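The values are calculated or read from the model by the stated rules, or taken from the named source; none is laboratory data. This structure is a prediction, so every number in the text was calculated from the model and none was measured. FYI the Cβ positions are ideal-geometry reconstructions off the backbone, even for glycines, and counts take in every protein chain you see.
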Amino acid sequence: MLKLVRASSLLVCAAALLASGGALAAEKIKIGFPIPLTGEIPKVGESSKYAAELFREEVNAKGGLEVGGKKYPLEFIYENNESKPDTAVNVTLKLIDRDNVLAIIGPQSSRQAVPAGAVANDNETPMVTPWSTNPDATRDRPWVFRAAFLDDFQAPVAANFATKQFSAKKAAVLFEISNDYSKGLADNFRTVWEKGNGKGSVVAFESHGPKDQDFSAQLTKIIAAKPDFIFLPENYSFVALIVTQGRDLGYKGPFMGSDAWGSAELMKLCKDACKGLFFSTHYAAAGAQGATKEFIDKYNKKYGYVPDDVAALTWDAVALITEAIQKVGAVEKNTRKMRKAIRDNLAAVKEFKGITGNMRFDEQGDPVKCAVIVEIDQKGDFTFKESVCP
Amino acid sequence: MEFFLQQCVNALQWGSFYALIALGYTLVYGVLRLINFAHGDVFMVGAYLAFFISTGLLAPEGMFGFSRELALILTIPLTMILTSLVGVTLERVAYRPLMRKGAHRLYVVITALMCGLILENGNLALLGASRRTLPELMDKAVYHIGGITVTNLKLFVVLAAILVFFILHFIVTRTRMGMAMRAVSWDKFALPLMGIPLDRVVVFTFVLGSSVAGLGGLLFAMSYPVLDPYMGATTGWKAFIAAVVGGIGDIRGAFVGGFLLAIVEVMVAAFLPSTYRDLYAFSILLLILWHRPTGIFGKPLTAKI
């Protein structure tokens, strides 16, 4: 008798659990964010979270996301990937398995997005990485998409601009060896530059480790090679150190950067040393119009600073995913089926109007979109210099 | 040639930091035979303390609003005093109770590792992940001497490291307290019988080591003004290796080892592809240890310090 009671009570409990679980899954739309809230690039994580929260609050204020005539509130789960590749893999898996999210947005840097993309792809969960520019993040991964342009597009943009702006013939590169983003872009840049200016026109190609703070050995070597400019495909926290140390060693020429410079925190760390430098990126906040301006104003009002490119790209990625969810037409109880439907819709997107510009998607899930060159002016603002379209 | 000399100058500056941290490792090891693995993080705490003290002193709306020169002069002793308090607290809270209970030295070393992690993550929890940057405490001047470029700050750092070394060397070899420190490393148990206050000697050792780490943290934050909670870990480990290569327990060893490690690192990066810097640098150090397992100045089983 006791056995029977126990068994039946267990059954009841299990049924209740299942019911509540099922009901919850049906009521909310869960999206996971494995983002760098601490570590090397904490500001990137903060920007992504702020932009996503802005989106979520806006949608939920209207009662939720409308799918097939019914409204579902959005639930965003933020996990810290500590700016580390291994942690990114772990938290992505956690979001997929434990939290049962419908889709993943993030990680941001290629260093985490390349390994995390493999996890999402293997587990058949749609993932959009907003900020990663390394081709490997999406290559041959049907479940992985991105909102940013690619390094093989960014490298020629930077090279052409430097040729024109500095009348440069000789370039030097300093990059972070353990960072897929930094290394990928540096390699791409070298190929492009040597194609345009002949073999040996990259006079110095130096690297450093992820925890380094002194770059004087590499910079002395670079300066001795007398380049016309130094290309730095680096995260903003390194940029501040490298530029100042280069000036201390007597280098007077220009530095040119890439989209990882565009954090709101760059000028706080770099101060006067970075003024007057250029970098290529996804959007320029100063002088924006239309929906982009609307986003910038909302963000600025809520958080007190102008959103950087990560924030804008995250917004676009969330918009992409929610659009794909809406197109499914109904929220399926079966997460696997739902994930499949979202992926198919993402793959079918032909054109998307984002706040970082219009994008078309190619067969690898990569957007074809314009890049902008930004100048850091004397006030420390990122101002629009020119736009380069493929 | 100019290139080589310039790289030597780079190595001197970088080596000064290794030397300043390695001195702290070696002092504690020399007296207590304890590897204080939290020392790198004490150095990090020093950098953060320097940040708070200098910003506090400089803040125009604050009650002080000092000039930069005065702020720098005050920041140096304040950072050293407060950092030494952190070091002494660690000793008091974590190491002493364990050693009193007769725990094996290994447990104390593991405790030190944990204390380091606590400092790192405590900082992260307290201050957030955002990077801090030290205000400029010194007008930067760049000098060009015959093709070599050096800033006043670099000279200041190297001079400070050399000065600290001579002061420590003097304290350990010429003062009564230094004699007591050497006595502790000889025989901890006979010491109280001679009327030497063991605890006071140990605390004094931690004060010395931590205040030097605090000074190192301040100078580091001035030279590389991007602070993060994990900055002490890697630099600390490398400084520990420097101390071992120099011969841990001997303060000449820490000083020489610090500069040696920096010279090897910088020269490998200068003349070989920088991609392999740490690989080659540490292979070279391994060869040195292979040849002299106790380090350059270390003598097996004799009095250390």
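Checking the structure you have, find out if any residue of the stretch B:96-103 is among the basic types (Lys, Arg), outside any loop (DSSP other than H, G, I, E, B) and exposed (fewer than 15 other Cβ atoms within 10 Å of the Cβ).
First pass over the stretch B:96-103, keeping only residues among the basic types (Lys, Arg): B:96, B:100-101.
Still in the running and outside any loop (DSSP other than H, G, I, E, B): B:96, B:100.
Subsequent filtering for residues that are exposed (fewer than 15 other Cβ atoms within 10 Å of the Cβ) retains B:100.
Yes.
Does A:LEU150 count as buried (at least 21 other Cβ atoms within 10 Å of the Cβ) and more than 26 Å from A:ASP187 (Cα to Cα)? Working first, answer last.
On the way: buried (at least 21 other Cβ atoms within 10 Å of the Cβ): yes; more than 26 Å from A:ASP187 (Cα to Cα): no.
When the stated conditions are applied, A:LEU150 does not pass them.
Need pairs with beta-carbon distance below 9 Å; first residue polar (S, T, N, Q) and within the stretch B:230-251, second in a helix (DSSP H, G or I); sequence gap 6+ or separate chains.
The qualifying pairs are B:THR234/B:GLY40; B:THR235/B:PHE17; B:THR235/B:TYR18; B:THR235/B:ILE21; B:THR235/B:GLY40; B:THR235/B:PHE43; B:THR235/B:MET44; B:THR235/B:PHE220.
What pairs come out if I take residues in the stretch B:139-152 that are facing chain A (nearest Cβ under 10 Å) and pair them with residues that are small (Gly, Ala, Ser) and part of a strand (DSSP E or B) whose C-beta lies under 8 Å away, six or more apart or interchain?
So the pair list comes out empty.
Filtering the stretch B:111-138 down to residues that are hydroxyl-bearing (Ser, Thr, Tyr) and facing chain A (nearest Cβ under 10 Å), which residue is farthest from A:ALA273 (Cα to Cα)?
B:SER130
Identify, please: which residue in the stretch B:239-269 is closer than 19 Å to A:LYS211 by Cα and surrounded by fewer than 24 Cβ atoms within 10 Å (Cβ to Cβ) and is, among those, farthest from the other protein chains (Cβ to nearest Cβ)?
In this case the residue turns out to be B:ILE241.
Quick check: is even one residue across the stretch A:169-179 among the small types (Gly, Ala, Ser), in a strand (DSSP E or B) and free of Cβ contacts under 8 Å to residues at least 40 places away in the same chain? Write out each step before concluding.
First pass over the stretch A:169-179, keeping only residues among the small types (Gly, Ala, Ser): A:171-172, A:178.
Of the ones still in play, those that are also in a strand (DSSP E or B) are A:171-172.
Pick out the ones that are also free of Cβ contacts under 8 Å to residues at least 40 places away in the same chain and you get none.
Checked the stretch A:169-179: no residue is among the small types (Gly, Ala, Ser), in a strand (DSSP E or B) and free of Cβ contacts under 8 Å to residues at least 40 places away in the same chain.
Taking the stretch A:289-345 as the search range and keeping residues that are among the aliphatic types (A, V, I, L, M) and not in a helix (DSSP H, G or I), which one is surrounded by the fewest Cβ atoms within 10 Å (Cβ to Cβ)?
Within the stretch A:289-345, the first condition is being among the aliphatic types (A, V, I, L, M), and the residues that meet it are A:291, A:296, A:306, A:310-313, A:317-321, A:324-325, A:328, A:330-331, A:338, A:341-342.
With not in a helix (DSSP H, G or I) added as a condition, the list becomes A:306, A:330-331.
Values: A:VAL306: 16, A:ALA330: 10, A:VAL331: 19.
For the stretch A:289-345, the residue satisfying everything is A:ALA330.
Restrict the check to the stretch B:43-51 and report whether at least one residue is more than 24 Å from B:VAL244 (Cβ to Cβ), surrounded by fewer than 21 Cβ atoms within 10 Å (Cβ to Cβ) and either among the hydrophobic types (A, V, I, L, M, F, W, C) or within 14 Å of chain A (Cβ to nearest Cβ) (or both).
No - not one qualifying residue is present in the stretch B:43-51.
Could you figure out which of (1) over 10 Å from the mean Cα position of the chain (by Cα); (2) of a type outside the set (Gly, Ala, Ser); (3) closer than 24 Å to B:LEU155 by Cβ isn't true of B:ASP228?
Only one criterion in (1) over 10 Å from the mean Cα position of the chain (by Cα); (2) of a type outside the set (Gly, Ala, Ser); (3) closer than 24 Å to B:LEU155 by Cβ is unmet by B:ASP228, namely (3).
Of the conditions (1) modelled with pLDDT of 90 or more; (2) buried (at least 24 other Cβ atoms within 10 Å of the Cβ); (3) out of contact with any Phe, Trp or Tyr (no Cβ under 9 Å at 6 or more places or on another chain), B:TRP290 clears all except one; give me its number.
(2)
Let's see how each residue does on (1) touching a Gly at 6+ places or on another chain (Cβ under 6 Å); (2) under 30 Å from A:GLU386 (Cα atoms); (3) aliphatic (A, V, I, L, M):
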{"residue": "A:LEU74", "(1), (2), (3)": "no, no, yes"}
{"residue": "A:VAL91", "(1), (2), (3)": "no, no, yes"}
{"residue": "A:LYS94", "(1), (2), (3)": "no, no, no"}
{"residue": "A:ASP97", "(1), (2), (3)": "no, no, no"}
{"residue": "A:ALA116", "(1), (2), (3)": "no, no, yes"}
{"residue": "A:ALA155", "(1), (2), (3)": "no, yes, yes"}
{"residue": "A:THR163", "(1), (2), (3)": "no, yes, no"}
{"residue": "A:PHE166", "(1), (2), (3)": "no, yes, no"}
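Any residue at all in the stretch B:140-147 that is in a loop (DSSP other than H, G, I, E, B) and within 23 Å of A:ASP212 (Cα to Cα)?
yes
Filter the stretch A:180-204 down to residues that are touching a residue at least 12 places away in the same chain (Cβ under 8 Å), surrounded by fewer than 21 Cβ atoms within 10 Å (Cβ to Cβ) and within 26 Å of the chain's Cα centre (by Cα) and give me whichever is nearest to the other protein chains (Cβ to nearest Cβ).
Checking each candidate, the answer is A:LYS183.
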